[in-house]
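Peer 1: Let me begin by handing over the structure; questions about it come next.
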Amino acid sequence: MRYEVIVIGAGMVGTSIAWHLQKNNSNVLLLDKKLPGSETSYGNAGLIQREAIHTHPFPRQLTEMIRVLPNQGTDIRYRIPAILRYHQALLQYWKYSTPASVKKIESEWQTLIEHCTSEHQTMISASGADELITRDGWLQLHRSEETFKEAQVSAIDARNQGVEHNVLNLEQLKAMEPRANFEGFVGAIHWLNSWQVSNPSSLVKAYAKNFQDMQGTIKENDVKEIVQDAEGWKVITDKDTYYSDKLVIAAGPWSNDLIKPLGYNLPLFPMRGYHQHFKVTEKNTIHHSMFDMDKGFVMGPMQQGIRITTGAEMTTMNAPKNFGQLQTVLKLAKKILPLEDAVESEAWAGSRPCMPDMKPVIGPADKHDKLWFAFGHSHQGFTLGPMTGRLVEEMIHDKPVLVDLAPFSAQRFSN
């Protein structure tokens, strides 16, 4: 069957693109080897992060690099084969992480993040998914007076970006989450206008169902080959072949594998994260997600239980799971909350797609007509999916775009 647009990738980004296109009168096929919300968009901290106006640069201070090198941290770990494989992208990442570069990059990044909650709300309302959303913010915990003071200064500056917060001392923090043990902490930032999602996968699935309600089509197929011919695009899968006039690649960390045969090789690299759920009891019930800023992990209330989410592991896509980072995190988390019974027999692991300049690729390909890219959102694909969907729809339908997309062009890496 022929479609106007095929979108490859059914995570938050791809599903949002398909939703926006279908809503604006395109006949769309959403294609993925798994059902919507089953991969990267399944495993995250469940936050729509309006406060995420800053990127995460490569460590450049000697003290920070020395801290990371022993490879025992809870926030970041690495494996040597991944360092070797992605060394060129990591070198670019280091170069883009100078203070001057970061300042410019963040000013561009902020044009996306400022619309994240409003664009989610449009899709939440349409899909009837409001019961999955809590709008009373989340807590950024601090163990160090130094980092806490720095965070307070940064939070005050963030008000200029429309980000709201409260500073909490230990007494106020304990009052908000009385079942948590905050020994060793000095206070917290309460980010007020970021949202919690009780089941990230279910939110993607709700958006996907609404897409189907608008007569959009979803197929669970593994893409084997993409071919452009005189009539448009042919997508060959393990089950069938599909045809379209236009094609969008939004397959997260798998995107480069799809576009390399077409002559593209963008400096995309994966960062893996782990999570595990623990059964909720009267003793460990919490109402806000809590991010241990100094240790780099999140614990949050989910439908499946209390989700403990690690920081990042620099590894290859197909490397075996290594639960060392998660086990270290769990030792810390269990000092804060009594976490006794794990829900899953084995923790989840998944990869996030990162670009060396810390910005996603959103825009048309330069070697083919009617081909668009939308990937590389790092840890913010869940937050920025609906915004990305709107922008891709505006481009494809030749509308005025909400923000300047030049900073997100794939051609920025052509040299």
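Peer 1: Along each of the three principal axes of the Cα atoms of region 263-317, give the extent in whole Å, ordering the values from largest to smallest.
Peer 2: Its Cα atoms span 55, 25, 16 Å along the three principal axes.
Peer 1: Taking the number of other C-beta atoms within 10 Å as the exposure measure, put E393, E106, E344, E282 in order starting with the fewest.
Peer 2: Ascending Cβ contact count within 10 Å gives the list E282, E344, E106, E393.
Peer 1: For the cross-link pairs K95/K399; K260/K359; K23/K370; K209/K246, which exceed 24 Å when the distance is taken from alpha carbon to alpha carbon?
Peer 2: Checking Cα-Cα distances, K95/K399 exceed 24 Å.
Peer 1: Next question. For the chain, return all DSSP H helices satisfying: extent of Cα atoms along own axis at least 15 Å; mean Kyte-Doolittle hydropathy at least -1.0.
Peer 2: Long hydrophobic helices here: 12-23, 99-113, 116-127, 145-158, 200-213, 324-336, 381-396.
Peer 1: Still on this structure: How big is the charge dipole of the chain about its Cα centre, in debye rounded to the nearest 20, if each Lys and Arg gets +1 on its Cβ and each Asp and Glu gets -1 on its Cβ?
Peer 2: Dipole size: approximately 780 debye.
Peer 1: Something else about it: Please report the orientation-averaged projected area of region 279-415, defined via the convex hull of its C-alpha atoms, in nm².
Peer 2: Approximately 11.5 nm², given one-decimal rounding.
Peer 1: So which lysines pass the test for K205, namely a Cα distance under 16 Å, with those fewer than 8 places away in the same chain ruled out?
Peer 2: Straight-distance partners of K205: K33, K34, K219.
Peer 1: Then there's this: Using only the alpha-carbon atoms of region 187-307, report the extent along each of the three principal axes, biggest first, to the nearest angstrom.
Peer 2: Projected onto the principal axes, the Cα atoms of region 187-307 cover 62, 37, 28 Å.
Peer 1: How big is the C-alpha Rg of the chain next to the rule-of-thumb value 2.2 N^0.38 Å, as a ratio?
Peer 2: Scaled against compact globular proteins, the figure is 0.96.
Peer 1: Can you list the lysines whose alpha carbon sits under 23 Å from that of K174, skipping same-chain ones fewer than 8 residues off?
Peer 2: In chain and number order, the partners are K149, K279, K283, K295, K331, K334, K335.
Peer 1: Right, next: Set Lys and Arg Cβ to +1 and Asp and Glu Cβ to -1, take the dipole of the chain about its Cα centre, and tell me which of I53, T147, A250 lies farthest positive.
Peer 2: T147
Peer 1: Over 21 Å apart: what share of the alpha carbon pairs of region 21-136 falls there, rounded to a whole percent?
Peer 2: I get 62 percent for the Cα pairs in region 21-136 exceeding 21 Å.
Peer 1: Show that you can apply the helix-only estimate: for the chain, add -39,500 (n - 2.57) for every DSSP H stretch of four or more residues, divide by all residues, and state [θ] at 222 nm to the nearest 500.
Peer 2: -9500 deg cm²/dmol
Peer 1: Going by Cα centres, region 147-190 and region 27-73 are how many Å apart?
Peer 2: Each part's Cα centre sits 22 Å from the other's.
Peer 1: Where a ≥ b ≥ c are the square roots of the eigenvalues of the C-alpha gyration tensor, would you call region 83-127 rounded, which needs a/c under 1.5, or, failing that, prolate if a/b is larger than b/c, or oblate?
Peer 2: Here region 83-127 falls in the oblate category.
Peer 1: Say R0 is 41 Å: what FRET efficiency, to the nearest 0.05, do S414 and E150 get from their beta-carbon distance?
Peer 2: Efficiency computed from Cβ-Cβ geometry: 0.65.
Peer 1: Average the reciprocal distances over every distinct pair of alpha-carbons in region 361-415, invert the result, and give the Kirkwood radius in Å.
Peer 2: 11.7
Peer 1: Under a Cβ-only charge scheme (Lys and Arg +1, Asp and Glu -1), can you give me the dipole magnitude of region 301-415 about the Cα centre, in debye to the nearest 20?
Peer 2: Charge dipole, region 301-415, about its Cα centre: 260 debye, nearest 20.
Peer 1: Using the Cα atoms of region 1-79 to build a convex hull, what is its mean projected area in square nanometres?
Peer 2: Averaging across all directions leaves 8.5 nm² for the Cα convex hull.
Peer 1: Cut-off is 10 Å between beta-carbons; in what order do R272, R159 appear when sorted fewest neighbours first?
Peer 2: R159, R272
Peer 1: What's the exposure ranking of I48, I306, going from fewest to most Cβ atoms within 10 Å?
Peer 2: Lowest to highest Cβ neighbour count: I306, I48.
Peer 1: Right, next: Which whole-number percent of Cα pairs in region 93-191 have a distance greater than 17 Å?
Peer 2: The share of Cα pairs beyond 17 Å in region 93-191 comes to 66 percent.
None of the figures in this text is laboratory data; all of them are computed from the coordinates on show. The shown structure was predicted, so the numbers you read here are calculated from the model rather than taken from an experiment. Virtual Cβ from ideal backbone geometry, glycine too; neighbours counted across all protein chains shown.
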